[in-house]
Amino acid sequence: HLPKDQFIGTGAWFFLIINTFKFPFHFLVWHTITLSSLTLNICMVPVIALGFFLGVYIVGKFNDARYRRFALLMTGIAAIVMLFQ
């Protein structure tokens, strides 16, 4: 069991590596990154920053055991929702 900060950090690194690998394909092959999508992304930077700081604040309020139960609960709910889609 990882402490919650290491668990979150590991997930962040995982998605950074995956998304860095996918970026050239989105840009050069699939053409899913356009000027309008980049403009939207730039406009969303303040909202993303707010979400980051809010997430850090909220996670700081949880102890490790409570965070683990919350993560498992959300994973279970997501799995059930995906079963019925």
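Bear in mind that the values in this text are calculations on the coordinates, not laboratory data. A quick note: this is a predicted structure, and the numbers were derived from the prediction, not measured. So basically every Cβ, Gly included, is an ideal-geometry build from the backbone, and we count neighbours across all protein chains shown.
Annotations
- Among (1) 1.04; (2) 1.19; (3) 1.40, the entry derived from the coordinates for Cα Rg over 2.2 N^0.38 Å: (3)
- Kyte-Doolittle mean at least -1.0 and Cα axial length at least 18 Å: DSSP H helices in the chain: 4-24, 45-61, 64-83
- Projected label distance in nm at Cys43 and Phe27, using a 7 Å step from Cα toward the beta-carbon: 2.3 nm
- Segment Trp13..Val81, full-extension length gain: 21.8 nm, with 0.36 nm per residue of separation and the alpha-carbon distance subtracted.
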